[in-house]
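Working notes, beginning with the structure itself.
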Amino acid sequence: MLTCFTKQSAKKAVPILVVTPNDFSNWFSRQTNFIKNWILAVGFKADFGTICLLPDAAGKLTQVLCGAKDTKDFWCVGSLSTSLPEGLYTFNFDEAADCENYAIAWGLGAYQFTRYKKPTKKIAQLVLPKNYNSELINNLVESIYFVRDLINTPTEDMGPSELGDAAVTLAKQYKATIKQLVGDQLLKNNFPAIHTVGRASDDEPRLLDLRWGNKKHPKVTLVGKGVCFDTGGLDIKPSAGMLLMKKDMAGAAHVLGLARMIMQAKLPVQLRVLIPAVENAISGNAYRPGDIIKSRKGLTIEIGNTDAEGRLVLADALTEAVSEKPKLLIDMSTLTGAARIAVGTDISALFANNDSLAHDIIRHGEIKQDPIWRLPLYAAYREALNSSIADINNAGADSYAGATTAALFLKEFVPDDIPWAHFDIMAWNLKPRPGRPQGGEAMGLRALFSYIEEWLGKSIVT
């Protein structure tokens, strides 16, 4: 169990009362003059995320007040694990479902990336009583830590080979099987687009293929973009555009994190995870604008832009994914800046070829406060990808509807009869917020895990 949680007795724990501005005046009127005077002195008004430490007459901490917009707004406690004094704490309300969401926010706020720097904050502990689903709480929080760690690690230590090592370690932990096709093995096994994008790097491109679960269970296949660094290729990015490109493998990190959640919870699925892991580098054998490359499906692709590489590697992986006709196919990637322009950095952009699938995923995003917004697979925009000398171009001639045209490119490799959800995500917090520190972030995973549980007919925590 993570150190921010404990199963110790709550008898010595300091209670935390979450209070909204509307309820605060009623609560305040029932307090002793000592408490009233203290609160007036510190100026606490129950604004979102603000806290007030309440002492007894001897100066001992007896209660913590935390301001919230409403009682379902569990992110209000997202900073408490690092802002409260070390010690034991417990939430002062009864509904288990609410408690679990609050506990998840507490745990996510305790995250620190410590690979290169010692921890700078001391962590308070939250008591998880028996009525909490502590296994679920720890699973979700620890899996998101795993995702954040992968994204935050610079490419020098998280190139294609190291990403492969991380997947192998995860597979061993859960007794999954994994194989890797590396370098020229990609060509021998007909994954030409993956090889083309990654061949210029001295860290060879590879396809990671993880399998877990009972073959009698429904097949769920996850595909994640694993571009461990993106220079833009010969259509090179400016220096400012490269600063965060270590996170261009965040789609891979996300599907590994979701796989971890599924395996840890032992959900009854036949799971497959496919990750094309490459570095889009520049050297004498880098692919060029105007080249025609082959794909696993057999479609020829004209390279309109070498910086539109993610869709190329995903095309081969998706072609392999659909060959086994999964009951559910999800791909995740940091695919386009256009999606960020459309929905901003906090919302996961979703494309889907199935309306009920999209509706249900978005509903779970609302339940979990893990925001997802659907963008259109508008078929008329497919003509932007037309090529006069190949079956398709990997980039449109202009930047209009860039997220949609990228999704339409991927749709060429997914038949309509396979329920498919494509996520185009930021995977990075530009600024710290309660429960969501600056840096690599898991987006949509709590919603997807909740959706998959429901999809499997299991009861879920809402």
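The values are calculated or read from the model by the stated rules, or taken from the named source; none is laboratory data. For clarity, every value in this text was computed on a predicted model and none was experimentally measured. When we count neighbours, we look across all protein chains shown, and the Cβ atoms used for this are built from the backbone with ideal geometry, even at glycine. Side chains included, ligands, DNA and RNA excluded: accessible areas come from the protein's heavy atoms. Shrake-Rupley method; radii C 1.70, N 1.55, O 1.52, S 1.80 Å.
Odds and ends about this structure:
- Hey, TRP27 of a type in the set (Phe, Trp, Tyr) and over 24 Å from ASN139 (Cα atoms) or not: yes
- Across the stretch 429-438, the qualifying residues are those that are touching a strand residue (DSSP E or B) at 6+ places or on another chain (Cβ under 6 Å) and surrounded by fewer than 20 Cβ atoms within 10 Å (Cβ to Cβ), and the one among them that is farthest from VAL313 (Cα to Cα) is GLN438.
- One residue alone among CYS66, CYS52 is more than 20 Å from LYS12 (Cβ to Cβ) and part of a strand (DSSP E or B), and that residue is CYS52.
- Selection within the stretch 105-149: residues that are of a type in the set (Lys, Arg) and open to solvent by 10 Å² or more (accessible area, probe 1.4 Å). The member of this set that is nearest to VAL18 (Cα to Cα) is LYS130.
- Long-range neighbours under 7 Å by Cβ, at least six apart or interchain, first residue more than 12 Å from THR196 (Cα to Cα) and aliphatic (A, V, I, L, M) within the stretch 285-306, second surrounded by 18 or more Cβ atoms within 10 Å (Cβ to Cβ) and modelled with pLDDT of 95 or more: LEU299/ILE392; LEU299/GLU412
- The one condition in (1) surrounded by fewer than 21 Cβ atoms within 10 Å (Cβ to Cβ); (2) farther than 18 Å from ASP165 by Cα; (3) without any contact (Cβ under 8 Å) to a residue 60 or more places away in the chain that ASN190 fails to fulfil: (3)
- Among the helices (runs of 4 or more DSSP H) confined to the stretch 92-196, the ones with at least 1 residues that are of a type in the set (Ser, Thr, Tyr) and in contact with a helix residue (DSSP H, G or I) (Cβ under 7 Å, 6 or more places away or on another chain) are located at 96-109, 134-152.
- Just one of the listed residues (ALA406, ALA447, ALA421, ALA397) is in a loop (DSSP other than H, G, I, E, B) and either open to solvent by 40 Å² or more (accessible area, probe 1.4 Å) or not charged (D, E, K, R) (or both), namely ALA397.
- All of (1) charged (D, E, K, R); (2) in contact with a strand residue (DSSP E or B) (Cβ under 9 Å, 6 or more places away or on another chain); (3) surrounded by 12 or more Cβ atoms within 10 Å (Cβ to Cβ) hold for LYS36 with one exception: (2).
- Residue within the stretch 373-384 that is open to solvent by 30 Å² or more (accessible area, probe 1.4 Å), under 20 Å from ILE301 (Cβ atoms) and touching a Phe, Trp or Tyr at 6+ places or on another chain (Cβ under 7 Å) present: yes
- Checked against (1) closer than 25 Å to ALA68 by Cα; (2) under 11 Å from the mean Cα position of the chain (by Cα); (3) not acidic (Asp, Glu), ARG436 meets all criteria but (2).
- Residue check, VAL223 aliphatic (A, V, I, L, M), in contact with an Asp or Glu (Cβ under 6 Å, 6 or more places away or on another chain) and within 26 Å of LEU448 (Cβ to Cβ): yes
- Members of the stretch 43-71 that are open to solvent by 60 Å² or more (accessible area, probe 1.4 Å) and in contact (Cβ under 8 Å) with a residue 40 or more places away in the chain: LYS69, ASP70, THR71
- Cβ pairs under 8 Å, 6+ apart, first in the stretch 338-365 and within 19 Å of ALA442 (Cα to Cα), second β-branched (Val, Ile, Thr) and part of a helix (DSSP H, G or I): ALA349/VAL343; LEU350/ILE361; LEU350/ILE362; PHE351/THR404
- Residue count for the stretch 338-391, restricted to those that are on the phi < 0 side of the Ramachandran plot and not in a helix (DSSP H, G or I): 26.
- The residues of the stretch 396-433 that are of a type in the set (A, V, I, L, M) and under 12 Å from ASN353 (Cα atoms), listed by number, are ALA407, LEU408, LEU410, VAL414, ILE418, ALA421.
- Those residues of the stretch 12-25 which are open to solvent by 80 Å² or more (accessible area, probe 1.4 Å) and modelled with pLDDT of 95 or more, in sequence order: none
- Cβ pairs under 8 Å, 6+ apart, first in the stretch 19-31 and over 12 Å from ASP70 (Cβ atoms), second basic (Lys, Arg) and outside any helix (DSSP H, G or I): PHE24/LYS45
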